[in-house]
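Visitor: Have a look at the structure that comes next, please.
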Amino acid sequence: MTQVSMTVNGKSVSGEVEGRTLLVNFLRDQLSLTGTHVGCDTGQCGACMVHVDGEAVKSCNMLALEADGAEVATIEGQANEDGSLNTIQQAFQDHHGLQCGFCTPGMVMSAAALLKDNPKPTEAEIRHHLEGNICRCTGYHNIVKAIMAASGQDVSAIAAE
Ligand code: FES
Ligand code: FES
């Protein structure tokens, strides 16, 4: 076992991990941050998306030890300081982007990474960005709408799927 330390949602944390321990398992099992989900075991679904040093990362594709010393952000740290939903979370609620809910934390973290780099993305850019986040239930329409709304843009022209 090896000691690992990182900052998660602004708090310093540490633990003992095996070399093979994935970041997602460290977050879920040792830190009880179970909002980061595991939806596959092949690195495809994006349900495990977190931010590591400001970049969106699939936490099932990263070893906990690789995040040693990093700044990690998870869905649990996304709300405003007073506990209210942040702009992206509120937009998901307003535009019914939650749907199944299981993939939603990853969708929100992915959206946050997109809007940080591209504050006014086009519909095509949003759809392209979500390629790493799989919705297996309903489709991307409301999710795209929510991200468009979170960026302060008109959602009326979003194409139906
Ligand atoms: S659980 Fe990480 S991509 Fe599916
Ligand atoms: S919204 Fe989660 S799988 Fe479709």
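Visitor: State which residue pairs qualify: first residue within 19 Å of Glu131 (Cα to Cα) and touching a residue at least 60 places away in the same chain (Cβ under 8 Å) and inside the stretch 49-63, second residue away from ligand 1 (no atom under 13 Å from the Cβ) and assigned to a strand (DSSP E or B) in any location, beta carbons under 6 Å apart, and separation of 6 or more residues or different chains.
Guide: Here the result reads His51/Ala73, each pair linking the stretch 49-63 to a residue that is away from ligand 1 (no atom under 13 Å from the Cβ) and assigned to a strand (DSSP E or B).
Visitor: Further question: Considering the stretch 118-134 alone, what residues qualify as being loosely packed, with under 13 Cβ neighbours inside 10 Å and more than 23 Å from His37 (Cβ to Cβ)? Please lay out each step first, then the result.
Guide: Taking the stretch 118-134 and keeping what is loosely packed, with under 13 Cβ neighbours inside 10 Å, we get 119-120, 122, 124, 128, 131.
Answer for the stretch 118-134, where residues must be loosely packed, with under 13 Cβ neighbours inside 10 Å and more than 23 Å from His37 (Cβ to Cβ): Pro119, Lys120, Thr122, Ala124.
Visitor: Listed residues Asp68, Asp29; which is farther than 18 Å from Gly132 by Cβ and free of Cβ contacts under 8 Å to residues at least 12 places away in the same chain?
Guide: That would be Asp29, the only listed residue that is farther than 18 Å from Gly132 by Cβ and free of Cβ contacts under 8 Å to residues at least 12 places away in the same chain.
Visitor: While we're here: Tell me, please, whether a residue that is within 16 Å of ligand 2 (Cβ to nearest atom) and either assigned by TED's automatic domain parsing to the domain that holds Arg136 or part of a loop (DSSP other than H, G, I, E, B) (or both) can be found in the stretch 16-30.
Guide: Checked against the condition, which is being within 16 Å of ligand 2 (Cβ to nearest atom) and either assigned by TED's automatic domain parsing to the domain that holds Arg136 or part of a loop (DSSP other than H, G, I, E, B) (or both), the stretch 16-30 yields no hits at all.
Visitor: Where residues in the stretch 2-48 are of a type in the set (S, T, N, Q) and within 16 Å of ligand 1 (Cβ to nearest atom), which of them is surrounded by the most Cβ atoms within 10 Å (Cβ to Cβ)?
Guide: My answer is Thr36.
Visitor: Regarding Thr36, is this residue modelled with pLDDT of 95 or more and either assigned by TED's automatic domain parsing to the domain that holds Glu131 or under 24 Å from Leu98 (Cα atoms) (or both)? Break it down into steps so the answer makes sense when it comes.
Guide: Values: modelled with pLDDT of 95 or more: yes; either assigned by TED's automatic domain parsing to the domain that holds Glu131 or under 24 Å from Leu98 (Cα atoms) (or both): yes.
Yes: the conditions hold for Thr36.
The values are calculated or read from the model by the stated rules, or taken from the named source; none is laboratory data. Since we're looking at a predicted model, the values are computed, not measured. Positions of Cβ are generated from backbone atoms using ideal geometry, with glycine treated the same way; all protein chains shown enter the neighbour counts.
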